[in-house]
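Data block below; observations after.
The values are calculated or read from the model by the stated rules, or taken from the named source; none is laboratory data. Bear in mind the structure is a predicted one, so any value in this text is a computation, not a measurement. Virtual Cβ from ideal backbone geometry, glycine too; neighbours counted across all protein chains shown.
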Amino acid sequence: MAKSTHKKFVPAFILSGISLRIWLPFAISITVFILAAGFYYPKKQEIIFIENYSSKIKELAKTVALGVELTLSSDNFEGLKKTIDLAKSSSEFEFIAIIENQEDGTEQVFQVNPDSFDAKTVLKKDTVNYIYESCRIDSELLKGYVLIAFSRDFIQAKIYKLNYPVYQFLVILLVVSLIAFLFFANTISRPIRKLTIVANQLEKQNFDVDINENSGINELSNLNNALFSLKTALIDAKKRNQEFNKQLEHEIELRTIDLKETTEKLIKAQTASKFGNYEYDLITGKWTLSNVINQILSLNETDGPTDNWLNFLCSEDNDEIVHSFEDAIFNRQGFQKDFKLNFKDVSKPEKWVSLVAEPQYDLAGNILTFSGSFQDITERKLIENEVNKLSLVAKKTSNCVIITDKDRKMVWVNDSLLRLTGYEMHELIGRSPRMFQSPKTNTDTLDYVKQCLDNKHELKVEILNADKYGKEYWLDMNIVPLFDQKDELIGYIAVETDITERKMTEEELLRREKMLLAISTASNILLNSLDALDSISQTLELMGKAVVVDRTYLFTTSNDPKLGMLASQRFEWNSGNADAQIDNPEMQNLPMGEFEEFIGVLGNRLPFVKRTNDLDDDDKFKKILESQDILSILIIPIFKGELFWGYVGFDDCTIERNWSEAEISILSTFATAIENALDREDKTEIIKSMALFPELNPNPVIRIDLEGKIILENDAAENIHDLNFDNKLVSKEEFLKHVTELLSHEKNKVQFEVQFNENNFFTVDCLLIEDSNQINLYFNDISLLKENEQKLKEAKIRAEASDKAKEEFIANMSHEIRTPLHAITGLSKILKKSTLSIEDQKLVSHIAQSGDHLHSLINNVLDFTKITAGEFKLNISTFSLRHVVKQLQSILFSIAEEKGLKLDFEVSSEIHELLIGDETRLRQALLNLLSNSLKFTEKGTVSLRARPLKDTENSQLLEIIVSDTGIGMSEGFIGKIFDKFSQEDSSLGRKHGGTGLGMAITKGLVDLMQGAITVDSQKDSGTTFTIHIPFEKNLQKINKEEREKTAKSKLNNLKVLVVEDNDINLLVANTLLAFYGITVFEAKNGKEAITHPNLNEVDLILMDLQMPEMDGFAATEYLRKILKISTPIIALTANALKTEIERCFELGMNDYVLKPYNEIQLMDAITKNLNLFTDIKVIESPNEVESGSLLNLDMLKTLSAGSDEFMIKIISMFLEQIPSAVIELKTAFEANDYETSKSIAHKIKATYIQFGITSLEQDIFLLNYFDVNATAELEKCKSAIQNLVEITDIVSVELRNVLNGFEVA
Amino acid sequence: MQFLISLFLSLFLGTTLLAQTEEKLVIIGNKTGLTELTLKEARDIFKGKMSFWKNKEEVIIVLPSPKSDDATGVANEIFQTSVTGMQKHWLALVFQGRSNPPVFVQSTREAIDYVNKNSGAIAALYCKSSEVPASLIIKLK
């Protein structure tokens, strides 16, 4: 067998089957690899060769060029000759040429070697066929280059020659590889084929196959061994299989016996449950019935064969079954149906069976037989018939009917019950009727029902149930137990009648009865009481309890000349389920005019009935009801005659009540009873008053009839003869006639004011006495009242005049004080510059500081006066909050640093870039708050946080919080913080300065901006001011290009005078302004500025503040006061000191820009002050200085807009001026000339920042502001000057290098 | 008569003297086989058109260095161009390998020395003929 398989092996040299599958991928791979190597290797070689050759030729070109240059310079032509000879001998170039550059820019071939190449060929530079290398000749005699060309064909030939052995090697390698792979493939495939044959034999269960072939390949050897193991395992498996079959046969025998036993049990069970099975053969028409069926049908041997048992049935029953089977055959499906069986043999009882028929099909799908089951359901049918009969009756009735089984689970309900309860039939079947019970169902009733049902008794009860949605209803329920023929309980039937309406009517009647009884009692109380109000208060409780509400109360009305009718609560009764409102101040003096609907209804003597939910959400009346938890309300008006006297109310706070007409009518009767009681009380009073005429009253009293005739008058009245009434002097009789005329229209009490003589005033109250046609006139002397009133008026006018005079005085005085004050501060500063002793310097410094402080106080007083006088006007423009905050940070930085405090400012990115508002006033308000915080904080942080509180499309409500970690305020003082002249502790004022007006001014400014300011503070923990101010958004956006374009077009014809003594700053300003096409005039100091020939034609002046001869302040003052020039002036200052900036504005400058400034800052200030446009862009922080360099020229580069000329100029200026200025500063300082040193520090400060020399910023700041009297500071200054000198030297070297770079370029 | 003789002598001697003291193109050579030559011949020789003398000696061209006093005169007379043109002429020849390079000398003295020491050397000078040994001079026709 094994031999025969060997014969089938394919010879090694034939590629087929598995050998081919192994060999082919290897063959393709190696071929592709070698082809790729054959292609790429020479390519690479070519590149390397050309590179090497080019390099060689380039060297040659250099050598020749050098030779030519040397030859021409040294007249030694020998070297050139040798070079040319060498080139010829060592290189295979096509030609070497000298190309000469002519003066006109053209090229000409000077010489070419060999001369077989003409000039045209040489100059053509045919790069397709040649590769060129050249080298420049730069001799005085000859300017041009050496050009060497070598042929690409030559290179290709060279490369081919170079690669030929490689090609040979690759071909040999390919052939050898293919043959080797063929051998390996065959070696691998041979044992695999053998193993495949063996596996096939094993599959055919030929376990005798020989497995001896060994392979040199480990994996195949393993496979061989595995096959051998498999063969052994299969032989074992075969044996085990035979044994298993034997066991299986034994098991089947045992199972067959069990099956028989199970079948017998099943038959028994079927017999017990009257359940049998059958088979009905359609071909033979024969039935095969189980014994159980025979028993069900009461068939026995005497009836004969049962294979056609249908014949035993009456023809109708027989036909019905036959038709059912015919239908099943026709429909080709089984069926289940109940049949009534009546036998021909009448002795056999009628039976109900449930027949199940399942068809059995042949292969063609035809029904061959039916098999199925029979079940005797006679008993069930009897019960069902009974239920059907009952349900037929139940369906007819309008009452609700429920039928349950004996376990009291619902098996059927009628439609009436479904309608009443809202349930679907399927939701109820199988569930207990207890599901209908309401939480309020009487437990006694439920116990009674349970007891009756347990005892199988009929019962009849009235019960409260609830439907599916919780709605309650009353039922009259009759439950009857159902029994079968054997008196066994089979279920219950409940017949229920809906008696909800009847029950409600009964309850309503009961309630009305209670109400009527209460009304009767209340009326009795009101009738028998002498004090109407007291009796009303007693009856409120009575009525509240009878009506079952949560609150009853009485409101009475009064008239206010300004507010109109007011209503106030007088009495209240409360059930305890709602909060009492009698002490609620909001229930007093309610202005009735605000509740139009309410007062309209009551005014028409109609009751007001409302449910709170029915009112509109924005209805004020609804809010009042909700605040008292009222769900529904009934208000009934009470009239006293024609007068709306008040109302009585009934609140429901626990349920939402629907008041019936009858209830409202009954309660209206209660209100009528109150009206009667009030009338009766009035009449009693009248009768009393009639009976007791006030004869002895010191004031005049007159009783007249309806025609004005005097009936009675007391002694005081007899003295009245003439009086001034309605601005006319009339007699007493004439006056009384006027009174009767007026009373004919106004029948109730009327009041007049009359005057006797010059100083006596009386009010006259007229009281009509009903049923008597008489009128009492009561005169009350109000002369004293009048006199006081007049005095008050005069006092008020005097106070107002005094206030105004005071404000005017303050305004005038402030102005008057300021003028000499300027002189004091100005002169003291001039004095400081003179040669004074240190002691005198100190005194002069104190004078200047005191002057500055006084100046600040006066400004505050003036601002406050303006605010209180309403003269403070907002200047609305577009601004950037970020810009404002940055300015504040710059201004306050030095103060904070001096005190060692941290400033922490944060503006939310959500705040709109451009807002519309008064930037100056906002800045002033924030500056006040921040200055205050800095003033009262000794350590920690002063912070400012700004964010939008509300953000709409067009506006933002900003929240700006200024907080500190300072000394805080007491609770008592917080309430007074915004009052004028308020300081918590006067000693603090002395310590920290201030007038106590700052916060009042701030509040005034915030109010002026339609904002609000609040303060939160704790003693020793700090203070937080919160400002809310609305701002419109400026939605206009201009991009940079548009901005520049627009700006340029608008600024093109402008003329600006720049007053600046620092050349570098002047250059910066000029460069920036020139970029926008602005014509610039220059002045080196204030003196030049005020005498400048173009002064009157300039549109704007940029004014430096510190200048020699005449500074910016003096120049501005001169321009404004003497020359009366109103041209906008923008201060250019390196100082962000608050006092200095305030002084700028005070002298009439329009704005200021901090030095060093950038393009946007300067142009924004110019455009804003010329009202050209107001687009402000937030200033970016300058870039950080790069590590390793002490300077950063980014700012200047930005300013230069790419102009090297500018850079050269400005760097040159630096190098010319700054190092010498530093030396000057040092010399001045060492000579104790501190003013000069400070002045120089101030002058160079901006330049250092412009050049990004940030490392000196602190030092220059110190040198600008140091205290000449502080020894420690003078020591620090020495160190600062040392730094300044050293770093300026280093920076100068760097700048010279930069300058050289520019010049070389 | 005496006067006439005196005048003649003075004119002759003066002319001779003048000829000896005036700077001009002077060709000198050593074993060139030449005693005289025309200016055209001289120009051809100095432009590198001849490589060997008739006596098989290699022609060695000696020219004044561009910085020397003779350079301009020689360039004008022989090469009919400037000193630069003269240099460029020889640069082209040497670059093409058509001729051996000339020897440039800094002075008349150096030229005379070189010609004296090298057979076949021929130099073009622009000087007074009195400065040159008569034995070396090749007369220009």
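Considering only residues that are exposed (fewer than 15 other Cβ atoms within 10 Å of the Cβ) and over 19 Å from A:Asp376 (Cα atoms), which ones fall in the range A:330-359? Answer for the range A:330-359, where residues must be exposed (fewer than 15 other Cβ atoms within 10 Å of the Cβ) and over 19 Å from A:Asp376 (Cα atoms): A:Phe330, A:Asn331, A:Arg332, A:Gln333.
The selection criterion, being within 15 Å of B:Ile45 (Cα to Cα), away from chain A (no Cβ under 14 Å) and touching a helix residue (DSSP H, G or I) at 6+ places or on another chain (Cβ under 6 Å), holds for B:Ala124.
Of A:Thr1236, A:Thr1247, A:Thr1254, which residue is of a type in the set (Val, Ile, Thr) and over 55 Å from the mean Cα position of the chain (by Cα)?
Working: A:Thr1247 fails: over 55 Å from the mean Cα position of the chain (by Cα); A:Thr1254 fails: over 55 Å from the mean Cα position of the chain (by Cα).
On inspection, the qualifying residue turns out to be A:Thr1236.
Residues in the range A:182-205 that are among the polar types (S, T, N, Q) and not in a helix (DSSP H, G or I): A:Gln205 alone.
Tell me the residue from A:Leu72, A:Leu80, A:Leu86, A:Leu141 that is in a loop (DSSP other than H, G, I, E, B) and within 14 Å of chain B (Cβ to nearest Cβ), please.
Being in a loop (DSSP other than H, G, I, E, B) and within 14 Å of chain B (Cβ to nearest Cβ) holds for just one of A:Leu72, A:Leu80, A:Leu86, A:Leu141, which is A:Leu141.
Screening A:Tyr132 on (1) away from chain B (no Cβ under 14 Å); (2) outside any strand (DSSP E or B) shows it passes everything except condition (2).
Within the range A:104-127, the set of residues being in contact with a Phe, Trp or Tyr (Cβ under 9 Å, 6 or more places away or on another chain) and basic (Lys, Arg) comprises just one member, A:Lys125.
Tell me yes or no: at least one residue of the range A:920-932 is surrounded by fewer than 19 Cβ atoms within 10 Å (Cβ to Cβ), modelled with pLDDT under 80 and under 27 Å from A:Pro1156 (Cα atoms). The answer is yes; a qualifying residue exists.
Surrounded by fewer than 14 Cβ atoms within 10 Å (Cβ to Cβ), part of a helix (DSSP H, G or I) and modelled with pLDDT of 80 or more - does that describe any residue in the range A:721-735? Before you say what the answer is, go through the steps one by one.
Of the residues in the range A:721-735, the ones surrounded by fewer than 14 Cβ atoms within 10 Å (Cβ to Cβ) are A:721-722, A:726-729, A:731, A:733.
Next, only the ones that are part of a helix (DSSP H, G or I) stay: A:733.
In the following step, the residues that additionally are modelled with pLDDT of 80 or more were identified as A:733.
Yes, the range A:721-735 contains at least one residue that is surrounded by fewer than 14 Cβ atoms within 10 Å (Cβ to Cβ), part of a helix (DSSP H, G or I) and modelled with pLDDT of 80 or more.
All conditions in (1) in a loop (DSSP other than H, G, I, E, B); (2) over 25 Å from A:Glu384 (Cα atoms) hold for A:Asp447, with the sole exception of (1).
Scanning the range A:629-642 for residues that are surrounded by 19 or more Cβ atoms within 10 Å (Cβ to Cβ), closer than 18 Å to A:Met592 by Cα and not aliphatic (A, V, I, L, M) gives A:Pro637, A:Phe639.
Just to be sure, is A:Glu424 free of Cβ contacts under 8 Å to residues at least 12 places away in the same chain and under 27 Å from A:Phe483 (Cβ atoms)? Against the criterion (free of Cβ contacts under 8 Å to residues at least 12 places away in the same chain and under 27 Å from A:Phe483 (Cβ atoms)), A:Glu424 does not qualify. Taken over the range A:1053-1068, the criterion of being buried (at least 21 other Cβ atoms within 10 Å of the Cβ) and modelled with pLDDT under 85 is satisfied by A:Asn1062, A:Ile1064, A:Asn1065, A:Val1068.
When B:Ile61 is tested against the conditions (1) part of a strand (DSSP E or B); (2) within 14 Å of another protein chain (Cβ to nearest Cβ); (3) touching a strand residue (DSSP E or B) at 6+ places or on another chain (Cβ under 6 Å), the lone failure is (3). Name every residue in the range A:92-121 that is within 14 Å of chain B (Cβ to nearest Cβ) and small (Gly, Ala, Ser), in order of residue number. Selection gives A:Ala97, A:Ser116, A:Ala119. Note on the range B:112-121: among residues that are surrounded by fewer than 17 Cβ atoms within 10 Å (Cβ to Cβ) and within 14 Å of the chain's Cα centre (by Cα), the one that is farthest from the other protein chains (Cβ to nearest Cβ) is B:Asn116. Scanning for something modelled with pLDDT of 75 or more, assigned to a helix (DSSP H, G or I) and surrounded by 12 or more Cβ atoms within 10 Å (Cβ to Cβ), does the range A:259-267 turn up at least one residue? Among the residues of the range A:259-267, at least one is modelled with pLDDT of 75 or more, assigned to a helix (DSSP H, G or I) and surrounded by 12 or more Cβ atoms within 10 Å (Cβ to Cβ), which makes the answer yes.
Would you confirm whether or not the range A:148-158 contains a residue that is in contact (Cβ under 8 Å) with a residue 60 or more places away in the chain, within 14 Å of chain B (Cβ to nearest Cβ) and either surrounded by 14 or more Cβ atoms within 10 Å (Cβ to Cβ) or within 30 Å of A:Phe93 (Cβ to Cβ) (or both)? Within the range A:148-158, one or more residues are in contact (Cβ under 8 Å) with a residue 60 or more places away in the chain, within 14 Å of chain B (Cβ to nearest Cβ) and either surrounded by 14 or more Cβ atoms within 10 Å (Cβ to Cβ) or within 30 Å of A:Phe93 (Cβ to Cβ) (or both). In the range B:94-109, the qualifying residues are those that are touching a Pro at 6+ places or on another chain (Cβ under 9 Å) and assigned to a helix (DSSP H, G or I), and the one that is surrounded by the most Cβ atoms within 10 Å (Cβ to Cβ) is B:Val94. In the set (1) surrounded by fewer than 16 Cβ atoms within 10 Å (Cβ to Cβ); (2) within 14 Å of chain B (Cβ to nearest Cβ), the condition left unmet by A:Ile47 is number (2). Kindly indicate whether A:Gly1301 is of a type outside the set (Phe, Trp, Tyr) and part of a loop (DSSP other than H, G, I, E, B). Answer is no for this residue. Within the range B:104-111, none of the residues are more than 14 Å from every other protein chain (Cβ to nearest Cβ) and within 20 Å of B:Thr38 (Cβ to Cβ). Here is the figure for the range A:612-629: residues that are of a type in the set (D, E, K, R) and either assigned to a helix (DSSP H, G or I) or under 23 Å from A:Gly544 (Cα atoms) (or both) total 6. When B:Asp70, B:Asp44 are checked against the criterion of being more than 9 Å from every other protein chain (Cβ to nearest Cβ), of a type in the set (Asp, Glu) and surrounded by 21 or more Cβ atoms within 10 Å (Cβ to Cβ), B:Asp70 stands alone in meeting it. Can you find a residue that is surrounded by fewer than 19 Cβ atoms within 10 Å (Cβ to Cβ) and touching a helix residue (DSSP H, G or I) at 6+ places or on another chain (Cβ under 7 Å) anywhere in the range A:1081-1100? There is at least one residue in the range A:1081-1100 that is surrounded by fewer than 19 Cβ atoms within 10 Å (Cβ to Cβ) and touching a helix residue (DSSP H, G or I) at 6+ places or on another chain (Cβ under 7 Å). When you scan the range B:84-102, how many residues do you find that are at pLDDT 85 or above, more than 14 Å from A:Ile96 (Cβ to Cβ) and at the interface with another protein chain (Cβ under 9 Å from one of its Cβ atoms)? So the answer is 7. Quick one: in the range A:1212-1233, of everything that is small (Gly, Ala, Ser) and more than 56 Å from the chain's Cα centre (by Cα), which residue is nearest to A:Met1107 (Cα to Cα)? Across the range A:1212-1233, the extreme among qualifying residues is A:Ala1221.
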